[in-house]
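Comments concern the structure below.
Derivation of every value follows stated rules applied to the coordinates shown; laboratory data play no part. Since we're looking at a predicted model, the values are computed, not measured. Cβ atoms come from the backbone with ideal geometry, glycine included; neighbour counts cover every protein chain shown.
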Amino acid sequence: MTPLGMKLRAMRDERGITLKQMALALDVSSAYLSALEHGRRGKPTFALLQKIIQYFNVIWDDAEELQRLAEMSDPRITIDTAGMPPEATELANRLARDIGKLEPEDLVFLRTEMMRRLK
């Protein structure tokens, strides 16, 4: 599941909205919406994201969060390490190969540490 997918599911659950109801309102298939929630589809188009924001009638801050989550929800990414130190290439390759072996708490730790160091 992607960060956006997790948020969409939570918003649907909070409001008691089924996948079919939301898909019908957004004029997409329920299969597509399910795949979007589960990370089997890439991030939605800008137009679809705007429809989702309107559908949930969210305030400005929540709309910005949905946009931020959409940007961080592409399940198939490419990391270009050309011109970077060899450690960057090794790290990118190790992540690509082994990220599925990490526990959720390990992922949280790595993400938090990376964000701390980027400040």
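Here the Gaussian network model covers the chain, with springs between Cα atoms less than 10 Å apart; of I77, I59, I99, I99 fluctuates the most. Hand me the trypsin sites (Lys or Arg not before Pro) from the stretch 34-90 located in a DSSP loop with no more than 15 other Cβ atoms within 10 Å, in residue order please. Those satisfying the criteria are R40, R76. Relative to the longest principal axis of the C-alpha atoms of the chain, give the angle of the C-alpha long axis of helix 46-56, reported between 0 and 90° and rounded to the nearest 10°. The angle comes out near 50 degrees. Our Cα-only numbers for the stretch 3-71 put the radius of gyration and Dmax at 10.8, 29 Å.
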